[in-house]
1. Do you know which of the residues in the range 279-327 that are more than 14 Å from the chain's Cα centre (by Cα), part of a helix (DSSP H, G or I) and β-branched (Val, Ile, Thr) is farthest from Pro85 (Cα to Cα)?
2. Being part of a helix (DSSP H, G or I), within 18 Å of Ala175 (Cβ to Cβ), at pLDDT 95 or above and among the polar types (S, T, N, Q) narrows it down to one residue among Gln227, Gln244; which is it?
3. Could you give me the residue pairs with C-beta distances under 7 Å whose first residue belongs to the range 126-137 and is in contact (Cβ under 8 Å) with a residue 40 or more places away in the chain and over 13 Å from Tyr151 (Cα atoms), whose second residue is surrounded by 13 or more Cβ atoms within 10 Å (Cβ to Cβ) and basic (Lys, Arg) wherever it lies, and which are 6+ apart or on separate chains?
4. Could you tell me how many of the residues in the range 39-56 are within 11 Å of Asp14 (Cα to Cα) and part of a helix (DSSP H, G or I)?
5. For the range 146-183: of the residues being among the aliphatic types (A, V, I, L, M) and under 18 Å from the mean Cα position of the chain (by Cα), which is surrounded by the most Cβ atoms within 10 Å (Cβ to Cβ)?
6. Counting only residues that are without any contact (Cβ under 8 Å) to a residue 60 or more places away in the chain and touching a His at 6+ places or on another chain (Cβ under 8 Å), how many does the range 47-88 have?
7. For Ile124, are the conditions met, namely being within 27 Å of Met325 (Cβ to Cβ), surrounded by 16 or more Cβ atoms within 10 Å (Cβ to Cβ) and of a type in the set (A, V, I, L, M, F, W, C)?
8. Enumerate the helices (runs of 4 or more DSSP H) found wholly within the range 95-195, keeping only those where 1 or more residues are over 26 Å from Asn328 (Cβ atoms) and among the basic types (Lys, Arg).
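The values are calculated or read from the model by the stated rules, or taken from the named source; none is laboratory data. Since the model is a prediction, treat every value here as computed from it, not as a measurement. Using ideal geometry, Cβ is built from the backbone for each residue, glycine included, and neighbour counts are taken over all protein chains shown.
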Amino acid sequence: MKDIITLSMESSCDETAVAILKNGREVLANIVSTQIELHKKFGGVVPEVASRKHIENIDAVFQEAIDTAGIKLEDIDHIAVTYGPGLVGALLVGLSYAKALAFSLNIPLVGVNHMQGHICANYIEHKDLKPPFITLVVSGGHTHLVEVKGYNDYEILGRTRDDASGEAFDKIARAMNLGYPGGPIIDKLAKLGNKNAIDFPRAYIDDSYDFSFSGLKSSVLNYLNGQRMKNKEIIVEDVAASFQEAVVEVLATKAVKAALEKEYKIIALSGGVAANSALREKISEMAKEHNIEIKYPSLSLCTDNAAMIGCAGYYNYINGKRDDMSLNAVPNLKIDTI
């Protein structure tokens with residue numbers, strides 16, 4: 001049986017990434033050019049700046065991926081590319097490049113949902129993993145609890161009703177002048193603090209699988225403002241640890257609840273916040289009590305990359321998905337849209 005070679009592209013936010021995979025799970029190259037240092041001075045990603053930087057970077061990243069994989073262009077069977085969700089200008093850079101490449105090589109173009117890519121990162125990390133299982137998708141823009149019924153079959157069990165977990169991390173970090181991106185900084189500071197120092201609220205929303213972090217965010221901001229008004233010391237390590245504990249406790253509780261009620265023995269973490277050490281520790285601790293196995297990708301596969309897009313694209317491709325040159329960027333693409 002012939003090997004299927006996938007070339008994939010990802011440019012949904014501030015990483016320009018190109019990867020090459022064999023049969024969906026074997027990574028031959030995974031090149032990522034990040035813009036984090038560029039956006040730090042703005043305290044977050046500036047969409048127009050990100051788009052322009054993608055245009056500058058994409059040729060070099062593409063060539064490095066080809067050279068690293070040691071393949072020829074004629075070896076590629078199809079092009080997989082993120083078409084949403086994300087920043088529309090940034091998405092269009094990768095999408096336009098992928099279209100031109102697919103057209104010039106006369107090979108299929110396969111659009112990929114960025115969030116499906118995050119879920120599929122676990123297939124690269126864990127070669128024996130296959131559906132069905134529960135996945136907790138946690139990133140800067142998304143917090144979803146998803147039942148993965150098949151490689152192309154997803155059912156959303158719960159979602160955030162307001163702020164995503166990663167978004168809350170960034171906003172609290174900004175409020176404490178910690179810098180960008182906020183998640184890794186808070187994770188590091190929290191290790192030095194007391195997670196029980198401040199009793200921040202947990203929103204469980206009755207019997208729902210949904211999440212809400214806006215109340216927690218407001219509570220932390222009110223605490224910070226109150227301490228400043230009273231000229232009281234703010235121990236940033238304790239604030240970071242207490243805030244983080246309030247987030248990961250809810251995430252882990254809901255994920256384990258879903259696995260128990262749906263009778264699954266595997267929970268996979270997906271997305272940038274899956275890199276959070278406290279979340280990994282908390283959910284592993286809770287799951288162990290019920291003999292539930294926790295899977296998560298390595299740190300390089302948690303953040304945006306093209307290998308995960310290539311894996312998702314491969315399963316779309318063998319399932320018969322093909323897109324034509326009318327494929328457009330969809331900034332608000334839903335997680336269950338393949």
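1. Here the residue is Ile283.
2. Gln244
3. Short answer, once both residue conditions are applied: His126/Lys295; Lys127/Arg25.
4. Result for the range 39-56: 9.
5. Ala168
6. Counting residues in the range 47-88 that are without any contact (Cβ under 8 Å) to a residue 60 or more places away in the chain and touching a His at 6+ places or on another chain (Cβ under 8 Å) gives 2.
7. So Ile124 does not fit the description; no.
8. Answer list for the range 95-195: 165-175, 182-190.
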